[in-house]
1. With the condition kept exactly as written, say whether any residue in segment 433-447 is farther than 25 Å from HIS213 by Cα, aromatic (Phe, Trp, Tyr) and surrounded by 15 or more Cβ atoms within 10 Å (Cβ to Cβ).
2. So, of the residues in segment 81-128 that are of a type in the set (S, T, N, Q) and loosely packed, with under 15 Cβ neighbours inside 10 Å, which turns out to be modelled with the highest pLDDT?
3. Using the structure shown, decide if VAL304 is crowded, with 18+ Cβ neighbours inside 10 Å and closer than 25 Å to VAL433 by Cβ.
4. Could you list, in sequence order, all residues of segment 481-504 that are without any contact (Cβ under 8 Å) to a residue 40 or more places away in the chain and either among the β-branched types (Val, Ile, Thr) or not assigned by TED's automatic domain parsing to the domain that holds CYS436 (or both)?
5. When residues of segment 448-465 are filtered for being surrounded by 11 or more Cβ atoms within 10 Å (Cβ to Cβ) and without any contact (Cβ under 8 Å) to a residue 60 or more places away in the chain, how many remain?
6. Consider segment 466-490. How many of its residues are surrounded by 14 or more Cβ atoms within 10 Å (Cβ to Cβ) and under 30 Å from TYR219 (Cα atoms)?
7. Does at least one position in segment 447-465 carry a residue that is of a type outside the set (A, V, I, L, M, F, W, C), within 30 Å of PRO267 (Cα to Cα) and part of a strand (DSSP E or B)?
Amino acid sequence: MTGIMQSGARIADIAKLNDNAARAASGFESLGIGAGDVVAIYLRNDFAFFEVSVAAGLVGAYSTPANWHNSPDEASYIFQNSGAKAIVIHADLYHPIAKALPAGVPVFVVETPDEIMSAYGLSKETCALPAGVPLWREWLAGFPPKTKGPDEPPGTMIYTSGTTGHPKGVRRARPNAEQAVAWQSVIGHVMGFAPSYGDPTKMVTVVTGPMYHSAPNAYGLFAFRVGASAILQPRFDPEELLMLIEKHKVTHLHMVPTMFVRLLKLPDEVKKKYDLSSLKFVVHAAAPCPVHVKQAMIEWWGPVIYEYYGGTETGAVVFCTSEEYLKHPGTVGKAFAAADVRVLDEDGKELAKGATGEVVCRMHSLPDFTYHGDDEKRRRAEKAGLITLGDVGYLDDDGFLYLCDRAKDMIISGGVNIYPAEIEAELHKMPGVNDCAVFGIPDDEYGEQICAVVQRSPNATISEAEVRAFLRERIAGYKVPKRVEFHTDLPREDSGKIFKRKLRAPFWENAGRSI
């Protein structure tokens, strides 16, 4: 395999995609789009995602991918707030938000391919091309390729969601030459595409997560730029991934812990069916991984699993190998030489090793950022000269970082801090539990009480009492959920990550407060 491939049969040569991007860049210039402007992307994982992203960079503009799960109002906010000068959108995604598209902004439609239609169960009617809207491929074909762009394009402006208010775009300053080299070196190391790992053009990967997310976006675009062959998975499917690894001799992957959980739940006969010996570098991030899950994956796939921690604002700041993890179970990694990672108390003072507090960090080789249109929020994000991502954790004596939970997800019940991730990790061990989410709900006496929503495995009949009894043997009594609900399905993003806020919101609607 050479180039970029949909998980179905379509293959696109990297040189052709770059040519399309260069033509699109000339097209963007004809629209007056230039340095510092924004081109919005409202696409699933498809070839056009690379073309638009590269084309924007060639004219010095930011590409801004938007989560296509957004409601029309949410999508409209991102288009308006970002000041998008053009929008590129899949045909099936156009119709639900057509009325939310800002007037006067050029819109280009990408035909929804058969592979995506099949993956999402879309009908031909749903994917019909809208009348009077230019088709992306036909439009860019009318322009000559742009021969040169800025030495260092500004990159992607990702919108991050908080617990309150609208999401904010993380807008990073354009890197200078020294910063670009340093940061590319870190990214190459973290993603496994550095020359020290071999020839990137001989590496094969599957983009498993939706590229509107920060990490899959950075991973997919970096793999493309270094010439690695990539397979785009429209949405994550565990057995399909195993099949793709065997069929295409995949060497590299970027994953999230939820994917590990779903892979491990496959029947043993399915797991043994596929040859995974081509894998050399599987990196994961985005959420703490339960220790037993990580250990099981290393036992199954071998010491090819790596991990990093960071955020859209900071980039990757820590990293660890399988060998380091097995010596430090539960860690997310140790800081890079160019990174600063500390743990602070509520007064902003640095805590001793082993003490739990707010994690703050910074990668000094990465250009600074602001939140688009909200410099004040950027100032609030800084503590002790470093950036807070809202995580709670500690450093061990060897400098390895451990995460306890998201500060914003923390439950405070009767003045006691309770971290849902700890409870979820234990629940994942229970036979009959396919997946789960733990969060706080209103309690008149204690402020919050613990609620667990459980998705049973097929044919499982576990009860609320059995869930509590299982947890009571493993965690302190005050951490056992007072309320346990069972849902047939849990709301998810394409990555498989649970939309916990959608489960939590109904409990707080009439509470008169949000925490």
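1. The answer is yes; a qualifying residue exists.
2. Result: SER123.
3. no
4. Correct list: VAL484, THR488.
5. Summing the residues that are surrounded by 11 or more Cβ atoms within 10 Å (Cβ to Cβ) and without any contact (Cβ under 8 Å) to a residue 60 or more places away in the chain in segment 448-465 gives 12.
6. 1
7. So far as segment 447-465 goes, yes, one or more of its residues are of a type outside the set (A, V, I, L, M, F, W, C), within 30 Å of PRO267 (Cα to Cα) and part of a strand (DSSP E or B).
So that you can scan it fast, the table gives a plain yes or no per residue for (1) farther than 30 Å from LYS377 by Cβ; (2) modelled with pLDDT under 95; (3) assigned to a helix (DSSP H, G or I):
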{"position": "THR164", "(1), (2), (3)": "no, yes, no"}
{"position": "ALA180", "(1), (2), (3)": "no, yes, yes"}
{"position": "ILE187", "(1), (2), (3)": "no, yes, yes"}
{"position": "VAL206", "(1), (2), (3)": "yes, no, no"}
{"position": "LEU253", "(1), (2), (3)": "yes, no, no"}
{"position": "MET259", "(1), (2), (3)": "yes, yes, yes"}
{"position": "VAL270", "(1), (2), (3)": "yes, no, yes"}
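The values are calculated or read from the model by the stated rules, or taken from the named source; none is laboratory data. Model, not experiment: these values are computed from the prediction. Neighbour counts run over all protein chains shown; Cβ positions are idealised from the backbone, glycine included.
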